[in-house]
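One structure below.
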Amino acid sequence: MSEPFDSGTLQVSELHTLSYEQSGSSEGAPVVVLHGGPGGGCPPQYRQYFDPARYRVVMFDQRGCGKSTPMACLKENTTWDLVGDIERLREHLGIEKWVVFGGSWGSTLSLAYAQTHPERVKALVLRGIFTLRERELRWFYQEGASFVYPDEWESYIEPIPVAERHNLLHAYYRRLCSDDVEVRRKCGKAWTGWEMATCKLILDPARVAKAEDPDFAVTFARIECHYFVNAGFFEEDGQLLKNASRIAHIPTTIVQGRYDMVCPATTAWELHKELPSATFHLVQDAGHSASEPGIIDKLLEATDEYASL
């Protein structure tokens, strides 16, 4: 895994400044990495999916998370603000077109960006497909995944009074926006712990432990919940699938874990049906995480293929 050859910040509004880095080869094929969450930040491990001799890897922390500032800020923080930020970063770095690589929420943002700026996208590598439809949110945050992880679900719902559990997203949002720091921390830990416990085929204690970091947990939970209660700031439910024809000409690889509890395979399958020319991999022994061995293999396959575009 290569170290960055460049890093910096980019002010994208009067309020928000993004942190970014470039690694690999300055002469390589440009690729932008769109992290998950929203609010997850872009860890150094994401560099491992690209041959450093062939790629110029651009990674950045989206508004309000990671090293970007201000932390956990919800103002001017929407899908379309982020789409604009990707373009600002591309122009700032002098890149004409690039490969777009994103998983989970990163796949959502990749699709939104590609559908808005298809002329800037050389190829798409999408993992753990999430299109932020109501049914997808309901599955994970209200009823569905709860049937598979009843033990972890108990911890997730514990901070919310029974009378408010008919709409857990909104109940959480009220508390994550509370002026009471302890309320935010308690709910941030429970929300983040739920996702960390369910994102791999086999529970990973190290990943679950991330919920113990109050700064990360609150940031992650606040920004995710902000986007979800606002339906991703899309004009209509299912917008990304309905507009998929706009990107049908772009080389695309879809990598999906069969047993993904966070973003179930049905969404990836529906996207594949809308993009029948895309390469589609349903990895039989994997859940949601990009770090599952079968997922890693298919992501590397895709990035190796697209390096020569």
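What percentage of the solvent-accessible surface of the chain, computed with a 1.4 Å probe over protein heavy atoms, is contributed by carbon and sulfur atoms?
Values: 6390 of 12780 Å².
Solvent-exposed carbon and sulfur of the chain make up 50 percent of the total.
How high is the relative contact order of the chain, given as a whole-number percent (alpha carbon pairs under 8 Å, six or more residues apart)?
So the answer I get is 19 percent.
How much accessible area per residue does segment 1-86 have, in Å², with a 1.4 Å probe? Intermediate results must be reported in sequence, preceding the final value.
Details: 3360 Å² over 86 residues.
I get 39 Å² per residue for this part.
If we sort 148-155, 212-219 on the protection proxy, mean other Cβ atoms within 10 Å, highest first, what's the order?
Listed from highest to lowest mean packing, they are 212-219, 148-155.
What is the sum of charges around Glu224, taking Lys and Arg as +1, Asp and Glu as -1, for the other residues whose C-beta is under 14 Å from the C-beta of Glu224?
Numbers: positive: Arg63, Arg175, Arg184, Lys189, Lys210, Arg222; negative: Glu136, Glu195.
Overall, the nearby charge balance is +4.
Accessible area per residue, 1.4 Å probe, Å², for segment 88-195: what's the number?
Result: 41 Å² of accessible area for each residue.
What percentages make up the Cα-Cα pair-distance distribution of segment 29-153 when the bins are 5 Å wide from 0?
2, 10, 19, 22, 20, 13, 8, 4, 2, 0
Once the other residues with Cβ under 13 Å from the Cβ of His35 are scored (Lys, Arg +1; Asp, Glu -1), what is the net sum? Spell out each step's value before the answer.
Numbers: positive: Arg47, Arg63, Lys67, Arg127; negative: Glu21, Asp61, Asp85, Glu224.
Net charge around His35: 0.
Given (i) 21.3, 69; (ii) 24.5, 82; (iii) 18.3, 58 as candidate values of Rg and Dmax of the Cα atoms in Å, which corresponds to the one derived from the coordinates?
Of the listed options (i) 21.3, 69; (ii) 24.5, 82; (iii) 18.3, 58, (iii) comes from this structure.
Before anything else, pin down the relative contact order of segment 32-75: Cα pairs under 8 Å, at least 6 apart, normalised by residue count, whole percent.
So the answer I get is 40 percent.
Using 31 Å as the Cα-Cα cut-off, could you pick out the over-long pairs in Lys75/Lys189; Lys67/Lys186; Lys122/Lys186? Intermediate values should be presented prior to the final figure.
Details: Lys75/Lys189 22 Å; Lys67/Lys186 23 Å; Lys122/Lys186 43 Å.
Check vs 31 Å cut-off fails for Lys122/Lys186.
Let me check I've understood the local charge: for Met71, count other residues with C-beta under 15 angstrom from its C-beta, Lys and Arg +1, Asp and Glu -1. What total comes out? Don't skip to the end; give the middle numbers.
Values: positive: Arg63, Lys67, Lys75, Arg184, Arg185, Arg222; negative: Asp61, Glu76, Asp213, Asp215, Glu224.
Every neighbour counted, the sum reads +1.
The values are calculated or read from the model by the stated rules, or taken from the named source; none is laboratory data. Note that this is a predicted model, so its numbers are computed, not measured. Don't worry about glycine lacking a Cβ; one is built from the backbone with ideal geometry, like all the others, and counts go over all protein chains shown. Just so you know, the surface numbers come from the protein's heavy atoms only, side chains and all, with ligands and any DNA or RNA stripped out. Shrake-Rupley method; radii C 1.70, N 1.55, O 1.52, S 1.80 Å.
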